[in-house]
Structures are given as structure tokens and as C-alpha cells.
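Encoded as C-alpha cells, the structure appears first; notes follow it.
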Amino acid sequence: MAIKYEQLIKEGRIEEALEEIFKEIEAHPEEEAHYINGGNLLHQAGRDEEAERFLQKAITLNPGSTSAYYTLANIYYDSERFEEAVRLYLLAYSRNPEDGDLNFMLAMSHVHLNDAERALQFFEAAHKAKPEDLEVTFQYGLLCCQIGLYEPADKLLGKVVGNGDNADAEYNMGLLKLMKDDDREQALEHFHRAVDIQADHHLAHNAISKLK
């Protein structure tokens, strides 16, 4: 049977959904799912301290709850508390090491912690799990470009620019053409495409100016 607040969430009626979650928690205080759902909604509403308390309660009720660890880690990540996020992502990872989203968030956390080696490991796993996910592919390719792995970067970024309009991917592909091949003509083509896609792409504009 569907819980009343699930429909409210689908309709974007966050405050009403929260009221119903609070009622469910009062009626069923041992149900961890209500705390996880409440934590998610509180985070969406910008009430992160409350969200954190709800998710910690869910973990207390079920120390093996992968969803609770993952959701709380996302809150830490969004708050730029990357070391704390990694600690919780790894607890979830120990139970589900092949999950694409989890590997991606671990990779992004390590990017922010300037640990390219570990980020690369998790990007590889995320890309294996979600080969058609263009955001995973882009971020993986971007890191490869930044640390000098130009061949895989070319392949990964090439897949992104070949599957739709992505100004940042075009810009970084332009940089790659300069660093890998010293190909100013190809680089300019990518920089101009970036500007065509996003007229206010300042980095692409600057790159074009420097190559004129």
C-alpha cells in the first residue's frame, strides 16, 4: 500500500509531505524508511541539520542501512564536507561495491580532496557500471585530461561531444587537442562550438582570443 506522503513527494508538495512523514514517524517510530525519506526532503528544503539528525536516527535503527549512509553522505558532499562524505560512502560501498552512482560520488569526492589516483579508480568502476552515463564519462575524461592521460581522455570526451551539446566538454576537448596534438585548428573548432552552445562561456572566449 502506498504511503500518503509518497504521492505528495511526486507532486513536489514538500512541506505537506514532511508533515505526513512526521505523522508516520509518530505512529511508527521504529520504521527507518520514514527517517530516510524525511532526511531527503529536509535536505531538499535546505534544512540540513534536521536532515542529518533524521538520517543518523535511521542509522541507529538499522546500522546496515546502505540508503541512510548514502543519503547522509550526499548531504555532507553538498556541504563540501568531503572527508566525512567519503567515510560514509565507503560504508555503503562495502555493501555494494559495484554500484555506479556510489562509485561516481566516491570519485568526485576524491577529486575535491585532490586525490587523483583514488578518484581514477572509482571513475573506472563507475564508467564500467554506467557506460552510457554522459556525466560520468565527462568527469572521468576531464580527470584523465588534467593528469595527462590524453589517450583515454580523448576517447571519453569524444564520446560526450559526439552525443549532444555540452559546452564544457567541447572546451576541454579543445584544450586536449592543444596539449596532446598541438593542433590549434582543431582546438579552435571545439572552442567555437563551446561558444555556439553557451554564448557566455568565458573560458572558451578567452581561449579563442589567445589563439587568434
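The values are calculated or read from the model by the stated rules, or taken from the named source; none is laboratory data. All figures in this text were calculated on a predicted structure; none of them were measured in a lab. Here the Cβ positions follow ideal geometry from the backbone for every residue, glycine too, while neighbour counts run over all protein chains shown.
Yes/no matrix, rows are residues, columns are (1) in contact with a Phe, Trp or Tyr (Cβ under 7 Å, 6 or more places away or on another chain); (2) under 30 Å from Asn114 (Cα atoms); (3) surrounded by fewer than 17 Cβ atoms within 10 Å (Cβ to Cβ):
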| position | (1), (2), (3) |
| --- | --- |
| Ile9 | no, no, no |
| Glu19 | no, no, yes |
| His28 | no, no, yes |
| Ala33 | no, no, no |
| His43 | no, yes, no |
| Asp48 | no, yes, yes |
| Glu83 | no, yes, yes |
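Taking first residues from the stretch 82-100 that are closer than 13 Å to Gly64 by Cβ and partners that are modelled with pLDDT under 95 and assigned to a loop (DSSP other than H, G, I, E, B), the Cβ contacts under 8 Å between residues at least 6 apart in sequence or on separate chains come to Arg95/Gly64. Would you mind stating whether Asp183 is closer than 22 Å to His205 by Cβ and not hydrophobic (A, V, I, L, M, F, W, C)? Yes; evaluated as a whole, the condition is true for this residue.
Taking the listed residues Thr66, Thr60, the one that is under 29 Å from Glu15 (Cβ atoms), touching a helix residue (DSSP H, G or I) at 6+ places or on another chain (Cβ under 6 Å), among the polar types (S, T, N, Q) and free of Cβ contacts under 8 Å to residues at least 60 places away in the same chain is Thr66, with no other qualifying.
Counting only helices (runs of 4 or more DSSP H) that fall entirely inside the stretch 19-92 and contain at least 1 residues that are farther than 22 Å from Ala107 by Cα, touching a Gly at 6+ places or on another chain (Cβ under 9 Å) and hydrophobic (A, V, I, L, M, F, W, C), the qualifying elements are 48-61.
Cys145 fulfils the conditions (1) under 25 Å from Asp101 (Cα atoms); (2) out of contact with any Leu (no Cβ under 6 Å at 6 or more places or on another chain) except for a single criterion, (2). Of all the residues in the stretch 174-212, those that are in contact with a Phe, Trp or Tyr (Cβ under 8 Å, 6 or more places away or on another chain) and within 19 Å of Val160 (Cβ to Cβ) number 11. Counting the residues of the stretch 159-198 that are in contact (Cβ under 8 Å) with a residue 12 or more places away in the chain, part of a helix (DSSP H, G or I) and not hydrophobic (A, V, I, L, M, F, W, C) gives 14.
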